[in-house]
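Before we start, here is the structure in question, set down as structure tokens.
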Number of protein chains: 2
Amino acid sequence: MVNEKMYDLGSEPSAIRELFAYGLARKAEIGADKVFDFSLGNPSIPAPDAVKQAIVELLDEPPISLHGYTPAQGTPGVRSAIADSINRRFGMKATSSNIYMTAGAAASLAISINAVADAGDEFIVVAPYFPEYRIWIEAADCTCVEVMARELDFQLDLAAIEAVVTPKTKGVIVNSPNNPVGSVYSEENLRGLADVLRVKQEEFGSVIYLICDEPYREIVYEGVNVPYVPALYDNTIVCYSYSKSLSLPGERIGYIYVSERMPEWNRAYAAICGAGRALGFVCAPSLFQGVIEKCVDVPTDVAAYAENRELLCQGLAGLGYEYVEPQGAFYLWVKALEPDEQAFAARAKEHELLLVPSTSFGCTGYVRIGYCVSKETIANSMPAFKALMEEYRG
Amino acid sequence: MVNEKMYDLGSEPSAIRELFAYGLARKAEIGADKVFDFSLGNPSIPAPDAVKQAIVELLDEPPISLHGYTPAQGTPGVRSAIADSINRRFGMKATSSNIYMTAGAAASLAISINAVADAGDEFIVVAPYFPEYRIWIEAADCTCVEVMARELDFQLDLAAIEAVVTPKTKGVIVNSPNNPVGSVYSEENLRGLADVLRVKQEEFGSVIYLICDEPYREIVYEGVNVPYVPALYDNTIVCYSYSKSLSLPGERIGYIYVSERMPEWNRAYAAICGAGRALGFVCAPSLFQGVIEKCVDVPTDVAAYAENRELLCQGLAGLGYEYVEPQGAFYLWVKALEPDEQAFAARAKEHELLLVPSTSFGCTGYVRIGYCVSKETIANSMPAFKALMEEYRG
């Protein structure tokens, strides 16, 4: 009667969503301040005032153009503004012809994958990874090939990636700053990946795209450098979203940047236009295209996340928890206190701590703590983390 | 290097877009008032004031929730408001669980097709038809089966549809009020279709969905009745968009309504959630979900279109043109003055009349005139239509 694969996708429980729903119910039961919900990646910093200001200004424009269809790839104005910003910040030579506006990172990735892949192609993802990657890859009739990140620092494991590249490898998806780990790939690490891929392209006579999922680019701490991948590897497609940087996750606004250094980039760009069309996208929401044109260089406010990170790391370190030093995004990747991270998360839940087991991200032994919450939630959760630790240490 | 099908889709010229681009260039050359551009289906009536008012009110809400992720299927508030409106107007018993918010009609259709179809299934479309139907059907690895509408009144040709229904038929896409013809299917005609499909479902033991593409539902003239298909046929999926009714085509906001009369409708609904996820949709734009909740019953302003329709019909009839009496939407379907509609459109272009040849909609012998333009454009175009007619009549 219906497509069974789509039915399964639409009805399968999501551990993260279920945990969040549990948290809402539990808060209603025992009080919101008694439940420490670290399950979601929803920005807790409001959109900057500049966004509201931009909307108010735009509302003075004639509604027919303001709310009208834009070209499928976006208005020339916002695409130029983004290209200029990329050039200014990263020394590229993009023009509006390299920018395709999308309904956020999910759209950017789904469109990019469908644009470059044929059925049977392979995409490499680096575990732990955002679980929707597999959905989009498989929806394009391609194979999702998982490679673990390096064990200690969660940087890219170049030897492991090299070992799984085949003539069918169409792309490698990298996500830095990383969800769920909070790591940022170093320039040396990314240069190493670029070298591996160049050699493999040569060997197989193939094109291997680096698809960079970058919604957390602006959310970094202590001045850490997030290398710009298109500067290191020509066949790069950047999938960007303003969901986190401007706290607009519900508005679905982002872009795809097809690097002008890619040979025949205009063919890849045309395929992206085609894939957008085939997937049912018409144009990115027009009002927010206007907002982005006005806000393209509005700085991301990370002060609250930085404070949370500090408080959480100090607190958990003092209690004896081990975690990956977070350089970006708003997640802490914490070693479970027993090998079975699901059992660990279940015990944490008894202390009203809602942590996402690493199984949701394709690996074992960890939990993700989203610290895009109020400072009070973190401060008040410490006794629970202490009790949890004591339960294990006896 | 890239997916060739997507490349073709992204680089193939669109006759409509090309005509529009030509019009812009030509206006710059000889003056905007000298070119009569009837190529596009962009609403020329601005969004009602209630939309701006709703946005202004919503901007007072906390930005974290206003611009935050909503559930994938949309906020409970907007879904309830839409279900209530459907029940009030059409006597259905929908609840929020039957409504899935989308990024407009294109998303609604692409998601619905992918939700119900397996590779190799067939969808029937009624020519002339919106050309993207074929794109979405083929992107789901299904076959697009064209059936001509009835020759004189462009109602559904039931015998022709019956003749092409097979055990692989998964759906029939109907679009009423119709783009490009402007016809509205009568209740008798739609009841006839429902009978045909019920018999065929019985015969083949299959489920055949009626997929109703309804962005023009509110744009009708002289009180014509647009029958509500879910009241006539249980296996109906309504694909709605506010692009035309509230003049918001760029904002990408609409919904899918899975009829509660469909047996196991909750399975179809789940498959729609899954297909939305697989295609890269996360949620419909959140601000405009709020706008729709507030504006769900704002009446559509059709006065300007009605005036244009009157002026255009009277003018062309007086000059001897033949056309299908338009009951809805904002298109006039005019018989070309020679068998080759492309040659006719080319000659019209020499008179600065930009008309879309029917080839773009899967049939021959006609041109589409979009009368969602200024009244002046129509009034001022009459001498050109006259000259064109004289050229043919000699």
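Can you figure out the FRET efficiency of A:A50 with A:E325, using R₀ = 25 Å and their beta-carbon distance, to the nearest 0.05?
E between A:A50 and A:E325, to the nearest 0.05, is 0.20.
Oh, and also: Suppose only helical runs count, i.e. DSSP H with n ≥ 4. What mean residue ellipticity at 222 nm does that imply for chain B under -39500 (n - 2.57) per run, divided by all residues and rounded to the nearest 500 deg cm²/dmol?
-13500 deg cm²/dmol
In nm, what is the difference between 0.36 nm times the number of residues separating B:Y22 and B:D297 and their Cα-Cα distance?
Result for the pair: 95.2 nm of gain on full extension.
Sticking with the crude label model, points 7 Å out along Cα→Cβ, report the distance from B:D141 to A:E350 in nm, one decimal please.
Simple spin-label model gives 4.7 nm for this pair.
Applying 1/(1 + (r/R0)^6) with R0 = 22 Å to the Cβ-Cβ distance of B:K93 and A:M1, what FRET efficiency is obtained, to the nearest 0.05?
Given R0 = 22 Å and the Cβ-Cβ separation, E is 0.55.
Can you give the FRET efficiency to the nearest 0.05 for A:A379 and A:E151, using r as the Cβ-Cβ distance and R₀ = 30 Å? Walk me through the numbers before you get to the answer.
Working: r = 32 Å, r/R0 = 1.05.
Efficiency, rounded to the nearest 0.05: 0.45.
Which three extents, in angstrom, do the Cα atoms of the protein assembly as shown have along their principal axes, listed largest first?
Between the extreme Cα coordinates on each principal axis of the protein assembly as shown lie 97, 54, 50 Å.
Mean-square fluctuation check for chain B, GNM, Cα pairs under 10 Å: which of B:I30, B:I173, B:I272 is largest?
B:I30
Angle check, please: helix A:15-30 long axis (alpha carbons) against the longest principal axis of chain A (alpha carbons), in degrees 0 to 90, nearest 10.
50 degrees
Could you check the simple spin-label distance between B:E29 and A:E188, using points 7 Å along Cα→Cβ, in nm with one decimal?
6.1 nm
Based solely on C-alpha atoms, express the radius of gyration and the Dmax of chain B in angstrom.
21.3, 68
If you filter region A:304-357 for trypsin sites (Lys or Arg not before Pro), then keep DSSP loop positions with at most 13 other Cβ within 10 Å, what is left?
none
Mind jotting down the distance between the C-alpha centroids of region A:336-363 and region A:74-92, whole Å?
That distance is 42 Å.
Taking amide H positions as placed 1.01 Å from N in the peptide plane, with prolines and chain starts having none, which residues 5 or more places from A:S241, or on another chain, fall under 5 Å of its amide H?
Residues meeting the amide H criterion: A:E214, A:Y255.
Enumerate the calculated ³J(HN,Hα) couplings along region B:347-364 in order (Karplus 6.51 cos²θ - 1.76 cosθ + 1.60, θ = phi - 60°), each rounded to whole Hz, writing x wherever the residue is Gly or Pro.
Result, rounded to whole Hz: 5, 4, 4, 5, 9, 6, 9, 9, 10, 8, x, 5, 3, 5, 10, x, 7, 10.
For region A:157-164, take each phi angle, set θ = phi - 60°, evaluate the Karplus expression 6.51 cos²θ - 1.76 cosθ + 1.60, and give the result in whole Hz per residue in order, putting x for glycine and proline.
8, 5, 5, 5, 5, 3, 5, 10
How large is ³J(HN,Hα) for each residue in region A:72-88, as worked out from phi by the Karplus curve 6.51 cos²θ - 1.76 cosθ + 1.60 (θ = phi - 60°), to whole Hz, x for Gly and Pro?
4, 8, x, 5, x, x, 5, 5, 5, 4, 5, 4, 4, 5, 4, 5, 5
Can you compute the modelled spin-label distance between A:E162 and B:Q342, with each label point 7 Å from Cα toward Cβ, in nm?
5.5 nm
Anything over 24 Å Cα to Cα? Flag those among A:K244/B:K5; A:K244/B:K294; B:K52/B:K244; A:K168/B:K5; A:K52/B:K294; A:K168/A:K244, in the order listed.
Too far apart for the 24 Å limit: A:K244/B:K5; A:K244/B:K294; A:K168/A:K244.
A short reminder: the numbers here are calculations on the coordinates, not readings from a lab. As the structure is a prediction and not an experimental result, all values here were calculated from the model. Here Cβ is always computed from backbone atoms with ideal geometry, including for glycine, and neighbour counts include all displayed protein chains.
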